[in-house]
Amino acid sequence: MLNGDIPIYFDIYLSKLLNIEFGAGIICPYYIVGYSFEEYQQTILNSDSGYSLWLHPKLFFNRKDNKDSFCSVAYRYRAFNEGTLTTTMRDIYLNWGYSIIYPSRIALDVHVGLGYRFTSYNKPQDYSRELLNSHLLFPIHFKIGYSF
């Protein structure tokens, strides 16, 4: 959410050791693509709204009392427009995290990862996609939710 992506996530309990989280969100105008340690920082200064999709299966190690650490593979898809240019980002990364559900049913999920982002763009007059760049990601996620 700090970068302009406002998502809603659903985390479904499949078994004691496996959850799957999926979500969708909207990308606000003036969306910040991310921070880069390279010589440039790619940002969209005045983008139109866009959308994001999220898929995140989690493998838990030893869940006890609604808390445990997990490892996972996450996939995020984001698309937004800036005038006639459509930008698409595909992120895939490995995560390690910790999840806890308190007795008040408040859920907390924290995870960090390492992966890759692939960015491409498409103009209406050009039907082919071109790769803009790809680079390493170090995502950090902090989620607060409610367990139904």
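Could you go through region 115-133 and let me know if any residue there is in contact (Cβ under 8 Å) with a residue 24 or more places away in the chain, part of a strand (DSSP E or B), of a type in the set (Phe, Trp, Tyr) and farther than 24 Å from Ile27 by Cα. No; the residues of region 115-133 include none that is in contact (Cβ under 8 Å) with a residue 24 or more places away in the chain, part of a strand (DSSP E or B), of a type in the set (Phe, Trp, Tyr) and farther than 24 Å from Ile27 by Cα. For region 47-56, filtering for residues that are over 11 Å from Ala24 (Cα atoms) and surrounded by fewer than 17 Cβ atoms within 10 Å (Cβ to Cβ) leaves 2. Only one of the listed residues (Leu85, Leu53) is at pLDDT below 85 and among the aliphatic types (A, V, I, L, M). That residue is Leu85.
Going by what's in this entry, would Arg76 be described as at pLDDT below 90, of a type in the set (D, E, K, R) and surrounded by 16 or more Cβ atoms within 10 Å (Cβ to Cβ)? Criteria not met by Arg76.
The values are calculated or read from the model by the stated rules, or taken from the named source; none is laboratory data. As the structure is a prediction and not an experimental result, all values here were calculated from the model. Ideal geometry is used to build each Cβ from the backbone, glycine not excepted, and the neighbour counts take in all protein chains shown.
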